[in-house]
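Heads up: the structure comes next, in structure tokens.
The values are calculated or read from the model by the stated rules, or taken from the named source; none is laboratory data. Quick caveat: nothing in here was measured; it's all calculated off a predicted structure.
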Amino acid sequence: MPMEDKAPKWRHQINLIDREELLVEGVHNLGSYDEREVIMETEQGMLLVKGEGLNIKNLNLEKGNITIDGLIKSITYDDDIRQKKGLLERLLK
């Protein structure tokens, strides 16, 4: 009998309120972050959030969600980050 993947599967969803508060659901891991950029791994790939005065208001990886406040200027999916990360992990093993 095959073993089931025990990693939780969340629905990926993004809610942006007045470009000042961003709620992302379906987050696996938080990468790097500072007041201008937050990088996270989601159900749908690597997500980059850029802006000014960004602050992580809430992070719960068990539930798979994050809330970011500040001035949101862009929200972008970047598959190249995942490929670079995978290559780096393989080289370090």
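Among the residues of segment 70-77, is any within 10 Å of the chain's Cα centre (by Cα) and modelled with pLDDT under 95? For segment 70-77, residues within 10 Å of the chain's Cα centre (by Cα) and modelled with pLDDT under 95: present. Taken over segment 22-57, the criterion of being over 9 Å from the mean Cα position of the chain (by Cα), farther than 18 Å from ARG11 by Cα and not in a loop (DSSP other than H, G, I, E, B) is satisfied by SER32, TYR33, GLU37, LYS50, GLY51, GLU52, GLY53, LEU54, ASN55, ILE56, LYS57. In a loop (DSSP other than H, G, I, E, B) and at pLDDT below 85: which single residue out of LYS9, LYS84, LYS63 fits that description? Just one listed residue meets the conditions, LYS9.
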